[in-house]
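Following: one structure in structure tokens, then a few remarks.
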Amino acid sequence: MRVKLVAGNWKMNGSLASSQALIRAILPPVAALNRARFAVCPPYPYLAAIGQVVQGSNVALGAQDVCQFDDGAYTGAVSGAMLADSGCRYVIVGHSERRGIFGESDEAAALKYGQALKHGLTPILCVGETLAEREANATESVVARQLEAVVKRCGVTAVGQGVVAYEPVWAIGTGKTATPQQAQDVHAFVRGRIAAADRRVAEALTILYGGSVKAGNAAQLFAMADVDGGLIGGASLAADEFAAICRAAHEAKETVKA
Ligand code: PEP
């Protein structure tokens, strides 16, 4: 069985006070949902404070990025060891905003993926195409290239220790969601690529969809055979919306392995 996962990416939003209020509003409605996994990824400076609030709850703590290096003279960076120390269980790597705005390469994302695993964190590897790439029929080649960088550097077994998030760049923060079938097609492609290297890893792999998921469209997306939950940006900043998405994951059928 693949148990669904919903992770909220708070990005660079909020204050300490508003972040604490947000998590305090999320926890009660999510507490009773026991058929899926949940996480929130606050900004770095708030990890410890939010970590204290989620302690003992069914919502795990995650970070939004990790440095590709162990430690040393990397001003502004945060290591995997520091994230583990701060109570993180998950970390997002290769988000399209890191790739697009900060120029992060496939290789850097792969190194970050390896660092996360090295420190006992579950990496959530984001892959996905821009609108121009989709229109040029390059979705599969882009996603394959992004995945391949991690397989090549870390090995296929390592892919099985993490989570993949398919996030079409054109759907992130735009209000334009991929249709359930568009998401399913790419998720099946991702699973197929991994299956070519290791069928068992592919069958067990959690593949999230991200891109304008809301309470109103989560259930249809999560009903697709290869969609194992969601990475949620904007809608994770509203407790009622996020809790409703978590409920949709809880109510969705677990996917039975082939
Ligand atoms: C994201 O940035 O990971 C994301 C999915 O954002 P949104 O839900 O706002 O599209």
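The values are calculated or read from the model by the stated rules, or taken from the named source; none is laboratory data. Small disclaimer: the values here were computed from a predicted structure and weren't measured. No Cβ is skipped: glycine too gets one built from the backbone with ideal geometry, and neighbour counts run over all protein chains shown. To get the accessible areas, we keep the full protein, side chains included, count just its heavy atoms, and leave off ligands, DNA and RNA. Shrake-Rupley method; radii C 1.70, N 1.55, O 1.52, S 1.80 Å.
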| What is the magnitude of the charge dipole of the chain about its Cα centre, with +1 placed on the Cβ of each Lys and Arg, -1 on the Cβ of each Asp and Glu, and no other charges, expressed in debye to the nearest 20? | 540 debye
| request: Measure off, as a whole percent, the carbon and sulfur share of the 1.4 Å-probe accessible area of segment 10-123, all protein chains present. | output: 54 percent
| How many Å² of accessible area per residue for the chain, probe 1.4 Å? | 43 Å²
| note | Taking Cα pairs closer than 8 Å and at least 6 residues apart, the relative contact order of the chain in percent is 23 percent
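Figure the gain on full extension for A225 and S86 (residue separation times 0.36 nm, minus the Cα-Cα span) and round it to one decimal in nm.
Extra length available between A225 and S86 comes to 46.6 nm.
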| said: Report the Rg/Rh value for segment 183-258, based on alpha-carbon coordinates and the Kirkwood definition of Rh. | reply: 1.01
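Per DSSP helix of 4 or more residues, -39500 (n - 2.57); summed, then divided by the residues of the chain. What does that give at 222 nm, rounded to the nearest 500?
-13500 deg cm²/dmol
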| task | Subtract the Cα-Cα distance of E254 and R199 from 0.36 nm times their separation in residues, and report this length gain in nm to one decimal. | result | 17.9 nm
| query | Hey, if you drop one equal point scatterer on each alpha-carbon of the chain and run the Debye formula without solvent, what base-10 log of I(q)/I(0) do you get at q = 0.07, 0.14, 0.17 Å⁻¹? | reply | -0.20, -0.89, -1.37
| note | Cα-only Rg/Rh for segment 67-193 with Kirkwood Rh rounds to 0.98
| remark: Links exceeding 29 Å between C-alpha atoms in this model, out of K4/K176; K4/K112; K112/K253, come to K112/K253
| field | Sequence-distant residues sharing a close amide H with V93 (under 5 Å, placed H) | value | I124, L125, C126
| message | If the only charges are +1 at each Lys and Arg Cβ and -1 at each Asp and Glu Cβ, what is the size of the charge dipole of segment 87-189 around the Cα centre, to the nearest 20 debye? | response | 420 debye
| field | Charge dipole (the chain, unit charges on Cβ, about Cα centre) - positive-most of L47, T130, Q68 | value | L47
| query | With point charges of +1 on the Cβ of Lys and Arg and -1 on the Cβ of Asp and Glu, referenced to the Cα centre of the chain, which listed residue (A144, S212, F242) lies farthest in the positive direction of the dipole? | reply | F242
| note | The answer for G210, listing residues at least 5 apart or on another chain whose modeled amide H is closer than 5 Å to its amide H, is Y166, E167, L231
| request: Averaging sequence separations of C-alpha pairs under 8 Å and six or more residues apart, then dividing by the length of segment 169-255, give the relative contact order as a whole percent. | output: 30 percent
| Once label points are set 7 Å from the Cα along Cα→Cβ at both S141 and S15, what is their separation, rounded to one decimal in nm? | 4.9 nm
| message | Give me the one-decimal nm value for the distance between modelled label points at N58 and A73, 7 Å along each residue's Cα-to-Cβ direction. | response | 4.9 nm
| request: Counting only C-alpha contacts under 8 Å and six or more residues apart, can you give the relative contact order of segment 1-123 as a whole percent? | output: 22 percent
| Rounded to the nearest 20 Debye, what is the dipole magnitude of segment 64-137 about its Cα centre when Lys and Arg each give +1 and Asp and Glu each give -1 at the C-beta? | 220 debye
